[in-house]
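To keep things clear, I will list the structure first and then write my remarks on it.
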Amino acid sequence: GSVKLAEWSPNKLGYELDLPSSSTLVVNQNFDRGWLIAQGTGRLFEKSGLIAIELPKGRQRLRLVYRTRGLTLGLTVTLITIIITSGLALQENSRQRRG
């Protein structure tokens, strides 16, 4: 089979795969629970401290992304804060126009 690196950044990895049988791809990248399969089919796991993916046979584009739980929580809190602050500012502005 063949594996071609299609995309690389510190938090995104992309591969073009053409596998004649099911295989395991081991990526020379430290494993962390924040790594997810964003595109493609497979099962991600840790092997000797590195990212490994069990892959089915066939052609596919595999894309891995790194997302931490803290990032999602931080973005959610920020969005809620912006909404509340905007609402309070509009309410205060409305109150000042009346008075």
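The values are calculated or read from the model by the stated rules, or taken from the named source; none is laboratory data. As the structure is a computational prediction, the values presented were derived from the model and not from experiment. Counting neighbours? That spans all protein chains shown, and the Cβs are built from the backbone with ideal geometry, glycine included. Protein only, heavy atoms only, side chains kept; ligands, DNA and RNA dropped before computing areas. Shrake-Rupley method; radii C 1.70, N 1.55, O 1.52, S 1.80 Å.
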Would you mind telling me which numbered condition in (1) among the hydroxyl-bearing types (Ser, Thr, Tyr); (2) free of Cβ contacts under 8 Å to residues at least 40 places away in the same chain; (3) surrounded by 10 or more Cβ atoms within 10 Å (Cβ to Cβ) Ser21 fails? (3)
Condition met for Arg59 (assigned to a strand (DSSP E or B) and more than 15 Å from the chain's Cα centre (by Cα)): yes
Residues Trp35, Trp8: which one is open to solvent by 60 Å² or more (accessible area, probe 1.4 Å) and of a type in the set (Phe, Trp, Tyr)? Trp8
For the range 19-43, how many residues are part of a strand (DSSP E or B) and basic (Lys, Arg)? 1
Consider only pairs whose beta carbons are under 6 Å apart and that are at least six residues apart or on different chains; among these, list those whose first residue lies in the range 36-58 and is among the charged types (D, E, K, R) and whose second residue is open to solvent by less than 40 Å² (accessible area, probe 1.4 Å). Glu54/Gly42; Lys57/Leu19
Of (1) without any contact (Cβ under 8 Å) to a residue 40 or more places away in the chain; (2) open to solvent by 60 Å² or more (accessible area, probe 1.4 Å); (3) not small (Gly, Ala, Ser), Arg63 fails just (1)
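Considering only residues that are over 14 Å from Ile51 (Cβ atoms), more than 18 Å from the chain's Cα centre (by Cα) and of a type outside the set (Lys, Arg), which ones fall in the range 1-15?
Gly1, Ser2
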Flagged pairs (Cβ under 6 angstrom, 6 or more apart or on separate chains; first in the range 67-83, open to solvent by 80 Å² or more (accessible area, probe 1.4 Å); second small (Gly, Ala, Ser)) are Arg67/Gly34
What about Arg97, is it basic (Lys, Arg), assigned to a strand (DSSP E or B) and open to solvent by 40 Å² or more (accessible area, probe 1.4 Å)? no
Checking the conditions here, which among Glu16, Glu46, Glu54 is touching a Ser or Thr at 6+ places or on another chain (Cβ under 6 Å), in a strand (DSSP E or B) and not hydroxyl-bearing (Ser, Thr, Tyr)? Glu54
Considering every residue within the range 49-57, establish whether at least one is charged (D, E, K, R) and either surrounded by 13 or more Cβ atoms within 10 Å (Cβ to Cβ) or farther than 30 Å from Leu17 by Cα (or both). yes
